[in-house]
Amino acid sequence: MKINFYIISLCAFAILFASCSTTSSIQSDEQLYTGMKKIDFRTTYNDVHTIETQAEIEASLACTPNGAFFGSSYYRTPFPYGLWIWNAFSGKEGGVAKWITKSFGKSPVLITDVNPAMRANIAETILKNNGYFRGKAYYDIILGKPKRSKNDSLLLPRTAKVAYVIDMGPQFVIDTVIYKGFSDDELEMISKAPALLNSGEAFSIAKLDAERNRIYDTFKNNGYYYFHKSYLTYMADTVTHPKHVQLQLCKVDSIPHEAERQWSISKAIIQTKRYAYEQMTDTFGARRFAVVFGGKRPPIRPSVLMQDMQLLPGEMFNQSDLTESLSRLSAKGIFTSVDINMQPLNDSLQMYINCTLDKPYDFIVQANYTHKTSGRGGPGVGIGFAKRNAFRRGENLTFNINGNADFSIGRTAGTSTNFDIVTDIALETPRLLIPKFMQKRRRWYIPPTTVTRLSFETINRSGFFRRNIFSAELLYNIQSSQSTRHTFSPLTIDYSYIANIDKAYEDIIATSAYMQVATRDIFIPKMRYTYFYNSPVSYRNPFSFSFTIAEAGNVANLIRTIGGSNWNRKDKTMLKTPFSQFLKLEADWRKTWQTGLNSSMVAHAFLGYIRPFGNSLYTPFSERYYMGGANDLRGFATRAVGPGRVYYADKEKMYLLANGNMKILLNLEYRPRIFGSLYGAIFLDAGNVWDINDSYSDEGLFSWGKLCNDIAVSAGAGIRYDLDFFVLRLDWGFVIHAPYNNGKNGYFNIPAFKDAHCINFAIGYPF
């Protein structure tokens, strides 16, 4: 403890001392780099190609100074603590000082480190590569205010910025494209796909390389196994016609004979190892297949591997199929290494599939802490166990236990302690587990999987109730194309029952017939199908859509009817427990418009509807919709809206009663990049939840005539720190229209400020 206190105190003193100057460690003939001026692009063009070229140049010129604000090359924070620590400790000989310097210090970024002359040359290269052959890049070093150095009485500039001027010049476009040296059959082969170079387009080295890669891929995907990219070259003439480029893409003359013929696969040899150095002792196979393995039997059935192979014996060699086969085998998650090699044998190729299994077991322990806007928070812990290739068919068996607790951390949050414990076991099988008569050999885009899962959850809400939920599920995942995916669950059973109930909870539900029914012990036997569509990645303005249809209780009711029960009879039971009957429909749509190189507009719409019928008067509590919070109406707190025009001042009643069996949500969000990985957001949210026929309040019922007034509206702004793999989000939303009566007249019935806004911190985008 004394050592830690010493280090902290020393660092604090150093920061305070060194903050008086950020240039104390800089030599008299050097300047501290303090960022770039806004780049001055001089051009008359404003097309997409020019904007993308400018972005590429900006990235090449970027250099972050000490204390950069979120990685910006233009802005600094007033607290470059890393530089302060470096100035204070870098010259010290002690071990602690060296450790502090290495761990927390940041050496000064000097103008000489930036090397603006080199960066200007790189910018000119980028200009030429993008068709601006006469473009020039200039730079100027703008010195800061002169200051006296530590060892010199002369006034010298201690800091400097860099200003770049990019004169892009005229844009050269493609005039003609000629393919030279190809046979008629080869020209016909490469013309089956559209060319990436077209007359009238801006010249780009990247596009030229892309076209060469397209032709190379065409050869490799049509059996030309020994064809190399170096056999393709190009020539560009920029002189004959002003501001135009005449292109020739040529196949070289001296190509080996084996590269000019097509090759087919004659045999596949499968080698599977439990570990890298395992000795292969046995072989079995047929004319086109052979399996090599060690031990008594192969560690994985060969059929499991071959179902992922897109390239098979008897077929022409195809590089894309080979790459896809490697990707699918690697995606199984059971191999440490996967390799596919080709070896010539007479006039054909032998394919060698080499797979080494990963360690069979995984053990995972994780811990977390959550903080809720309700003034509650608490720790969580999870333990997981996984068995790869559990039954030699590529299955993954997992077992997990997760627990979370939350308790009051503020004076207004209450004194109760809640907890949630979930235990589940799941088996993922890389094929469809269906009867053989239903099986049909088909090449899926991605091999389908079957997931069987059992879980048990205990939810304890202190002072109210403890609910136990047992679930069993059978789920099929099918990706039929690059854009289309299907999930189908023919059977999901949820059994929910209340183990303990307190008087406070009884007092709340005593006033609501709905809650008495919706929270009782119940079976929910469900069947669910979901269709997903994502537009191709090549779309500039992509969109996605999903549709879900689910039903509950109809199969159970049919079984009872076959057994002699009346189909329309109420209060039917399963294992002496009522079961729910309902139909659930959901549609989700989102669309992105690229408004600029680093900005976009995103729209989102969601519609959900649940209809209880038959054995159910009310929709189960777990299936109902709620509104408000970080991912829908961001100006309202979680569960603070609905149903309809109802409002609950009591937070406990709000949690239990602010929900409905119909939901409409509309979102519109503008996402510009501020700089670096920091993005902004301006958003507008609208929506609500309603009851259709099982309302406990007339104000909660859906009405077309009152729809406009029932739609809650909020707007706001936020920031996102987007690291691609991880997004931190902070949103501030405020109320524009509240659907309930809050004492204000008119549509813009904004409540008091304390109730008119909400701050949401979340991980990931809201949609």
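The values are calculated or read from the model by the stated rules, or taken from the named source; none is laboratory data. Predicted model only: the values in this text are computed from it and were never measured. Here the Cβ is made from the backbone with ideal geometry for all residues, glycine too, and neighbour counts use every protein chain on show.
The set of residues from the stretch 366-417 being modelled with pLDDT under 55 and either of a type in the set (S, T, N, Q) or in contact with a strand residue (DSSP E or B) (Cβ under 7 Å, 6 or more places away or on another chain) (or both) comprises H371, K372, T373, S374, G375, R376, S408, I409, T412, A413, G414, T415. L311 fulfils the conditions (1) over 33 Å from the mean Cα position of the chain (by Cα); (2) buried (at least 17 other Cβ atoms within 10 Å of the Cβ) except for a single criterion, (1). Only one entry in M662, M654 is modelled with pLDDT of 85 or more and hydrophobic (A, V, I, L, M, F, W, C), namely M662.
Scanning the stretch 61-76 for residues that are under 29 Å from the mean Cα position of the chain (by Cα) and small (G, A, S) gives A62, A68, G71, S72, S73. Select from the stretch 603-632 the residues that are of a type outside the set (G, A, S) and touching a helix residue (DSSP H, G or I) at 6+ places or on another chain (Cβ under 8 Å) and write down the one among them that is nearest to L585 (Cα to Cα). The residue in question is I610.
Scanning the stretch 709-737 for residues that are surrounded by fewer than 22 Cβ atoms within 10 Å (Cβ to Cβ) and over 24 Å from the mean Cα position of the chain (by Cα) yields a count of 7.
Restricting attention to the stretch 29-60, and to residues there that are assigned to a helix (DSSP H, G or I) and either more than 24 Å from A123 (Cβ to Cβ) or of a type in the set (S, T, N, Q) (or both), which single residue is farthest from the chain's Cα centre (by Cα)?
Taking the stretch 29-60 and keeping what is assigned to a helix (DSSP H, G or I), we get 48-60.
Filter again for either more than 24 Å from A123 (Cβ to Cβ) or of a type in the set (S, T, N, Q) (or both), leaving 50, 53-54, 60.
Values: T50: 29, T53: 27, Q54: 27, S60: 27 Å.
Filtering first and then ranking leaves T50.
Has the stretch 279-296 got any residue that is loosely packed, with under 13 Cβ neighbours inside 10 Å and at pLDDT 90 or above? No, the stretch 279-296 contains no residue that is loosely packed, with under 13 Cβ neighbours inside 10 Å and at pLDDT 90 or above. In summary, strands (runs of 3 or more DSSP E) completely within the stretch 144-218 and bearing 3 or more residues that are under 17 Å from D237 (Cα atoms), in contact with a Leu (Cβ under 7 Å, 6 or more places away or on another chain) and at pLDDT 90 or above occur at 173-180.
The set of residues from the stretch 57-78 being over 24 Å from Y132 (Cβ atoms) and either crowded, with 19+ Cβ neighbours inside 10 Å or in contact with a Ser or Thr (Cβ under 8 Å, 6 or more places away or on another chain) (or both) comprises T64, P65, N66, G67, A68, F69, F70, G71, S72, R76. On inspection, F683 fails the criterion of being surrounded by fewer than 20 Cβ atoms within 10 Å (Cβ to Cβ) and either in contact with a Leu (Cβ under 8 Å, 6 or more places away or on another chain) or without any contact (Cβ under 8 Å) to a residue 40 or more places away in the chain (or both). If you check A97, A117, A137 for being of a type outside the set (K, R), assigned by TED's automatic domain parsing to the domain that holds I51 and more than 30 Å from A236 (Cβ to Cβ), only one passes: A97. When only residues in the stretch 157-204 that are among the aliphatic types (A, V, I, L, M) and closer than 30 Å to T34 by Cα count, which is surrounded by the most Cβ atoms within 10 Å (Cβ to Cβ)? This residue is I166. Residue count for the stretch 77-113, restricted to those that are free of Cβ contacts under 8 Å to residues at least 60 places away in the same chain and over 39 Å from the mean Cα position of the chain (by Cα): 6.
Within the stretch 422-431, the presence of at least one residue that is over 23 Å from N477 (Cα atoms), buried (at least 16 other Cβ atoms within 10 Å of the Cβ) and modelled with pLDDT of 85 or more is confirmed. Taken over the stretch 97-121, residues that are in contact with a helix residue (DSSP H, G or I) (Cβ under 7 Å, 6 or more places away or on another chain) and either aromatic (F, W, Y) or exposed (fewer than 14 other Cβ atoms within 10 Å of the Cβ) (or both) amount to 1. Of all residues in the stretch 731-741, none satisfies being out of contact with any Pro (no Cβ under 7 Å at 6 or more places or on another chain), closer than 25 Å to A603 by Cβ and among the polar types (S, T, N, Q). Contact map, the stretch 314-329: first residue free of Cβ contacts under 8 Å to residues at least 60 places away in the same chain, second residue in a helix (DSSP H, G or I), Cβ cut-off under 9 Å, separation 6 or more or different chains; pairs are E315/D321; L322/K220; L329/L305.
Here is a check on your reading of the model: is N221 in contact with a helix residue (DSSP H, G or I) (Cβ under 6 Å, 6 or more places away or on another chain), over 17 Å from H257 (Cα atoms) and either surrounded by 15 or more Cβ atoms within 10 Å (Cβ to Cβ) or not assigned by TED's automatic domain parsing to the domain that holds P344 (or both)? Explain how you work it out, then say what you get.
Values: in contact with a helix residue (DSSP H, G or I) (Cβ under 6 Å, 6 or more places away or on another chain): yes; over 17 Å from H257 (Cα atoms): yes; either surrounded by 15 or more Cβ atoms within 10 Å (Cβ to Cβ) or not assigned by TED's automatic domain parsing to the domain that holds P344 (or both): yes.
So N221 fits the description; yes.
Can we say I459 is aliphatic (A, V, I, L, M), at pLDDT 85 or above and either part of a loop (DSSP other than H, G, I, E, B) or surrounded by 15 or more Cβ atoms within 10 Å (Cβ to Cβ) (or both)?
For I459, the condition - aliphatic (A, V, I, L, M), at pLDDT 85 or above and either part of a loop (DSSP other than H, G, I, E, B) or surrounded by 15 or more Cβ atoms within 10 Å (Cβ to Cβ) (or both) - is not met.
Taking the numbered list (1) at pLDDT 90 or above; (2) within 28 Å of the chain's Cα centre (by Cα) in turn, Q319 passes all entries but (2).
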